[in-house]
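Below you'll find the structure, written out as structure tokens, and then a few comments.
The values are calculated or read from the model by the stated rules, or taken from the named source; none is laboratory data. Everything numeric in this text was worked out from a predicted model, so none of it was measured. Cβ placement follows ideal geometry from the backbone for every residue including glycine, while neighbour counts extend to all protein chains displayed. These area figures cover heavy atoms from the full protein model, side chains too; ligands, DNA and RNA do not enter into them. Shrake-Rupley method; radii C 1.70, N 1.55, O 1.52, S 1.80 Å.
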Amino acid sequence: MLSRQVADKLQQKETPFYFYDLGLLERTLETLTGEAAKYGYTIHYAIKANCDPRVIETIRRYGVGIDCASGNEVRCAIEAGFDPQKVVYAGVGKRDKEIRYAVEQGIFCINCESLEEMHVIDRIAAEAGRKVTVGVRVNPDIDPKTNHCIDTGQADCKFGISYEEVQAKASEILSLEHLDVKGIHLHIGSQIRNFGVYNELCDKVNAIVENLVSLGFKFEFVDVGGGLGINYDCPEAEPIPDFARVFELVNSNLKVGGRPVHFEFGRSIVGECGELITRVLYNKTTATGRKLLIIDASMTELIRPMLYGAYHNIENITSASEQNDKYTVVGTACESTDVFDENITLPITRRGDILTVKSAGAYGMSMASRYNQHDLPGAVYSDEL
Ligand code: LLP
């Protein structure tokens, strides 16, 4: 919860913008890296969650690497000073020029998502006169029990190579001369709150690794992806996700012959440190009696509620009213689905009040658009206030 003092200062600024609590980000990184160190786990931050320069600079200072989903994300990481040997790159549709760039930069590992892609990387590596370290992203067919829009590891989904195909094509994969298949990679989905899913993931990974090793794969590390969820319902109750619990679970259940284990967390690192600060433009009531608060942000700043039906807790940080009312919070975009939340209880809210849309540090700014020619939102950092 933002203090009154911070709220007063934020109120002076032009809205909408993202506010980043860099202190919380640092405490999150301290917890994450401290817990990971207990088991020698390697962390790559999924930069797609947020590539704000100050956010990633903070992350870099904690020695965490970067997981990328495009050539431009690889570039962003390298230009931000990350060692290419701490950069990994996955993505179902890597363009040739993106692969070429990643190869030239000598990044740690390219995680491959189809057999055809492996052939393309092999050819590009040959042209560059290099042998490239790759991982096989296996689709393990697991239901991560999260929002269906953001699961990635079920059999019918576009991500990864089916386990059956990896087994059937093992010798073809291993014959690619310019690829060094050192990694096995999985990422089953995002916003995982059911810890039992990690047990299931470990069981599957154990079986997959054992089997693929028997087929000739010489994996040197196992990357189990990201996915750890955050508490959108009540962020104050859990500002730092329970990394210790995930690591304990993985440590007790993953049996991969002592191979180093890598994680690619995005949301759980940056989700809670960011909030979208917005001002109420208008109140109006529909003919059906719905009380609308029209705010100066929209789906162009934060698309999660509209795209996934995602929930973000919204608070009025400037109203002094002791009386509450029910409101539907809508944005400025020319779209009927531009609704942040419906029928929520807030103190009596008037034009000019400041609302915060919480837990917006992950997949907020990074998914912002310029629809309706909106300006992209700026950023305000806690140490600037
Ligand atoms: N690794 C890979 C290969 C991924 O595809 C992702 C996320 C991550 C790691 C990081 O996952 P995380 O720890 O953040 O859950 N825009 C959606 C989320 C899409 C996630 C895509 N992949 C949202 O706003 O919920």
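In the full protein context, the stretch 305-374 carries 47 Å² of accessible surface per residue, based on a 1.4 Å probe and ignoring ligands, DNA and RNA.
Remark on the chain: Rg and Dmax equal 22.2, 71 Å (Cα only). Compared with the alpha-carbon gap, the fully stretched path from Ala237 to Thr33 is longer by 71.3 nm at 0.36 nm per residue. Per residue, the accessible area of the stretch 46-158 comes to 42 Å² when a 1.4 Å probe rolls over the protein heavy atoms. The portion of the accessible surface of the chain made up by carbon and sulfur, rounded to a whole percent, is 47 (1.4 Å probe; DNA, RNA and ligands excluded).
The charge dipole of the stretch 155-244, taken about the Cα centre with unit charges on the Cβ atoms of Lys, Arg (+1) and Asp, Glu (-1), comes to about 160 debye, rounded to the nearest 20.
Sequence-distant contacts, meaning Cα pairs under 8 Å at least 6 residues apart, place the relative contact order of the chain at 20 percent. Across the stretch 235-385, C-alpha contacts under 8 Å between residues 6 or more apart give a mean separation that, scaled by the residue count, equals a relative contact order of 29 percent. How far, in degrees from 0 to 90, does helix 115-127 lean away from the longest principal axis of the Cα atoms of the chain, to the nearest 10? Taking Cα atoms only, the helix is inclined about 70 degrees.
Rounded, prolate or oblate, given the Cα gyration tensor of the stretch 1-92, with a/c below 1.5 counting as rounded? Oblate, because a/c is 1.5 or more while a/b does not exceed b/c.
For the chain, a crude dipole built from +1 on the beta carbon of Lys and Arg and -1 on the beta carbon of Asp and Glu, taken about the Cα centre, is about 320 debye to the nearest 20. Among beta bridges from DSSP that stay inside the chain, the antiparallel ones total about 40%.
For the options Thr58, Thr337, Thr318, a Gaussian network treatment of the chain with springs between C-alpha atoms closer than 10 Å singles out Thr337 as fluctuating the most. The length gained by stretching the chain between Arg290 and Ser382 to full extension, at 0.36 nm per residue less their Cα-Cα distance, is 29.6 nm. Here is the link list: Lys13/Lys291; Lys9/Lys145; Lys38/Lys145; Lys38/Lys169. Which ones come out longer than 31 Å on Cα distance? Listed pairs above 31 Å: Lys9/Lys145; Lys38/Lys169.
Taking every C-alpha pair closer than 8 Å and separated by at least 6 residues, the mean separation divided by the residue count of the stretch 191-300 gives a relative contact order of 29 percent.
Annotation: extensible slack from Leu22 through Glu164 equals 46.7 nm (criterion: 0.36 nm per residue apart, minus Cα-Cα distance). Spin-label model, Tyr308/Glu322: points 7 Å from Cα along the beta carbon direction are separated by 4.0 nm. With all protein chains kept in place, the per residue accessible area of the stretch 182-242 amounts to 35 square angstrom at a probe of 1.4 angstrom.
A dipole drawn for the chain from +1 and -1 charges on Cβ atoms has a positive end, and of Leu281, Thr133, Thr33 the residue lying farthest that way is Leu281.
Helix 243-253 and the long axis of the chain differ in direction by around 30°, with both axes built from C-alpha atoms. Working from Cα positions, state the angle (0 to 90°, nearest 10) between the long axis of helix 196-214 and the longest principal axis of the chain. Rounded to the nearest ten degrees, it is 20. Pairs of Cα atoms in the stretch 292-382 fall into 10 Å distance bins, from 0 up to the last occupied one, in shares of 16, 51, 30, 4 percent. When we measure straight from the Cα of Lys284, which lysines land under 19 angstrom away, once same-chain ones fewer than 8 places off are left out? List returned: Lys326.
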